[in-house]
Amino acid sequence: MADIIQLLPEYLANQIAAGEVVQRPASVVKELLENAVDAGATQIQLIVKDAGKQLVQVVDNGSGMSATDARMSLERHATSKIRTTEDLFRIRTLGFRGEALASIAAVAQVEIRTKLRQQDTGTQLLVEGSQVVRQQPTAAPDGTSISVKNLFYNVPARRNFLKSNAVEMRHILDEFQHVALSKSNVSFSLYQNDLEVFNLPAGKLSQRVVQLLGNSYKEQLALVEEVTPFISVKGYIGKPASAKKSRGDQFFFVNGRFIRSAYLNHAVLAAYEGLLPKETHPFYVLFLELDPKTIDINVHPTKTEIKFEDEKTVYAIMRAAVKQALGLHNMAPSLDFES
Ligand code: ADP
Ligand code: MG
């Protein structure tokens, strides 16, 4: 009998992996913004055209890459962020799987322009459907610019599956919000079809919340701060009067990473019990910090789910922290944990 099993060619493996990591333009936005943050950028610019269908570009002033690294960054499982199994249990960066750029490059036309601070010349790299079309030295500012054009140009089924520009833009704004909230000490801007939508200077979290989510939260934020040896919970919650009929202004970050958790949401709501008008949702932006050994973020490729070793304790501390913030906000002037 003939043997029939073969290893998939690299480009095909990348295309398959891309199915998980890259769902829509917003997935590209998330991955590129997270890479810019991991690169230590203090200024990050997001440029989108046609709701990201034509272009998603992120320009950062972070570390930049060498010519060799620029090429390597496109390989699957190629990362500068972890090296050993132990590293997997002490992750401090947003990325670590080394999959994003390889996946994106498999389903789009990608241009990387990058320069290390200590070098005079940068690198330009053009890639189409995993194939490097050109790599050459170029003049470039410090940092990295990655442009992702014509997403899914080679996967018509995916391309046709994309929703209206309004819907895709909503998803992009969500990702932009998450990263911009998680790093108020980094300045962010967003351009949509050449129009400036946001220009957020580096500053305090409370200012970022109002600039990003609107004036309705001005004077409406109560400080949350609870530090135990096991976990630290910091951030802001909205006073009950600022609760909205619509959902969406609820944000958890665990060790700097945006996550979704119905369980933790429940803990917050339990603290508000009896204080909210019916059918309204309170604002919160809460940062949980705990030993990376006690969590597992490797549940899903997009890393928005998390497993806590001791979920019940996290719940109890969260609820207590929010309760305390709610009880205190009338009496004490809200001290700013950032000042
Ligand atoms: P991961 O972020 O999981 O490591 P990616 O595919 O997103 O995987 O990126 C691969 C590598 O490329 C990163 O580990 C990093 O070294 C490099 N890289 C990607 N984007 C940037 C950037 N904006 N600035 C500097 N280096 C970058
Ligand atoms: Mg990454």
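General remarks:
- Residues E225 and R134, FRET efficiency given R0 of 56 Å [Cβ-Cβ distance, rounded to 0.05]: 0.65
- Protection proxy ranking for 47-60, 24-37, 271-284, 314-327, using the average of other Cβ atoms within 10 Å per residue and placing the highest first: 24-37, 47-60, 314-327, 271-284.
- Helix 311-328 and the longest principal axis of the Cα set of the chain meet at an angle near 50°.
- Signed unit charges on C-beta, dipole axis of segment 215-328, positive-most listed residue L276, F308, F287: L276
- Dimensions (Å) - segment 104-238, Cα atoms, principal axes, largest first: 53, 43, 37
- Computed magnitude of the charge dipole of the chain (debye, nearest 20; Cβ of K, R +1, Cβ of D, E -1): 620
- Helix axis angle, 165-182 relative to the chain longest principal axis, alpha carbon, degrees: 70
- Pairs from K149/K303; K30/K183; K30/K293 whose Cα-Cα separation, in the structure shown, is over 18 Å: K149/K303; K30/K293
- Among 185-198, 5-18, sorting by the average number of other beta carbon atoms lying within 10 angstrom of each residue, highest first, gives 185-198, 5-18.
- Rounded to the nearest 0.05, the FRET efficiency derived from the C-beta distance between N160 and A78 at R0 = 41 Å is 0.85.
- Annotation: the chain has a Kirkwood hydrodynamic radius of 21.3 angstrom, from the mean reciprocal C-alpha pair distance.
- Rg and Dmax of segment 195-255, Cα atoms only, in Å: 13.4, 46
- Shape of segment 10-200, Cα gyration tensor, a/c cut at 1.5: rounded
- Note on segment 215-328: the alpha carbon radius of gyration divided by the globular reference 2.2 N^0.38 Å gives 1.04.
- Most to least packed among 146-154, 286-294 [average Cβ atoms within 10 Å]: 146-154, 286-294
- Once the Cα-Cα distance is subtracted from the 0.36 nm per residue extended length, the A13 to D291 segment shows a gain of 96.7 nm.
- Against the main long axis of the alpha-carbon atoms of the chain, helix 10-21 sits at an angle near 20°.
- Between S66 and E86, residue separation times 0.36 nm minus the direct Cα-Cα distance comes to 4.6 nm.
- Centroid-to-centroid, using Cα positions, segment 1-63 and segment 112-163 are 10 Å apart.
- Approximate spin-label separation A2-K307, in nm, with each point projected 7 Å along Cα-to-Cβ: 4.2
Coordinate-derived values only; no laboratory data. Quick caveat: nothing in here was measured; it's all calculated off a predicted structure. Glycine also receives a Cβ, built like all others from the backbone with ideal geometry; neighbour counts cover every protein chain displayed.
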